[in-house]
Amino acid sequence: FVFTNHSLPNVFVTPYPSYRTLSEGRWLADIVIWLQGGAGVAPLLMFLAATLQAANGFVLAHAAGLTRRADMVLVAALLCFHPAFLDYFSFSIDHLVFVLGDAFAVAGFVLLARGRMSIATGVAAALLFMASIATYQPKIALVALFGALAVALRARGNARAVAGVAGFVAAVLLGAVALYALSLVATLQDAFGGRLDPNDVSRNRINSLP
């Protein structure tokens, strides 16, 4: 890597593990933020995140069976410009983290929608979904949505297949949650953490004492 103040920071300025791992359970986000040198250079991170999110949209559209260019552009635009996704860019340190979380979820969806219904596919998809959740826990909603979409795509036109496909996808999703819970056992240490935030729970509890 070539480190300059115009690309990536010269040093790793944040400790690892930080409160994100020890208190929030966002251990994968913590790793990414450590590797990017903390907040990084905002324009570069935003460029990388926006580019990756557009790629996420095209991959998602292709996995969903969309082939027309206009349809693929609409899906990419949805992931890039929907307010729920635009909100990512309100947090400069998490630009890349949030989009990487989406990328892991999209990759898991590709396996469920296009891969064979096998143990290997299920384990790989569960690991990818776990990684998505480990960047930011509310990603579990996106993971669940992709699971439902995978069931709809695989069982399309075959009502008899719905139960089998739904059972397979449900096992993958439950496996992802279980793996994430196990990762918390290994990494989570407290409920408050050492945030440098005047509004954190422990600081307010101290300030409220007479």
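Every number in this text was worked out from the coordinates using simple rules, so none of it is lab data. Because the structure is predicted, anything quoted here is derived from the model rather than measured. Reconstructed Cβ throughout: ideal geometry from the backbone, glycine too, with neighbour counts over all protein chains shown.
Phi angles of region 47-63 translate, via the Karplus equation with coefficients 6.51, -1.76, 1.60 and θ = phi - 60°, into HN-Hα couplings of 4, 4, 5, 5, 5, 5, 5, 4, 4, 4, x, 5, 5, 4, 5, 5, 5 Hz per residue; Gly and Pro are given as x.
The peptide list 105-113, 135-143, 182-190, 43-51, put in order of mean Cβ contacts within 10 Å with the highest first, becomes 105-113, 135-143, 43-51, 182-190.
Potential lengthening of the chain between Ala144 and Ala84 amounts to 20.0 nm, from the contour at 0.36 nm per residue minus the alpha-carbon distance.
Computed extension gain for Ala170 through Asp190, at 0.36 nm per residue and net of the alpha carbon distance, reaches 4.2 nm.
Report the charge-dipole magnitude of region 1-153 in Debye, nearest 20, computed about the Cα centre from +1 at each Lys and Arg Cβ and -1 at each Asp and Glu Cβ.
For region 1-153, the charge dipole is close to 380 debye.
Phi angles across region 15-32 convert, under the Karplus curve 6.51 cos²θ - 1.76 cosθ + 1.60 with θ = phi - 60°, into 3J(HN,Hα) values of x, 9, x, 9, 4, 4, 7, 6, 10, 9, x, 9, 5, 6, 4, 4, 5, 5 Hz, Gly and Pro given as x. Against the empirical 2.2 N^0.38 Å (N residues), region 31-147 has a Cα radius of gyration ratio of 1.07.
Available extension along the chain between Ala161 and Thr51 is 35.9 nm, counting 0.36 nm per residue and deducting the alpha carbon span.
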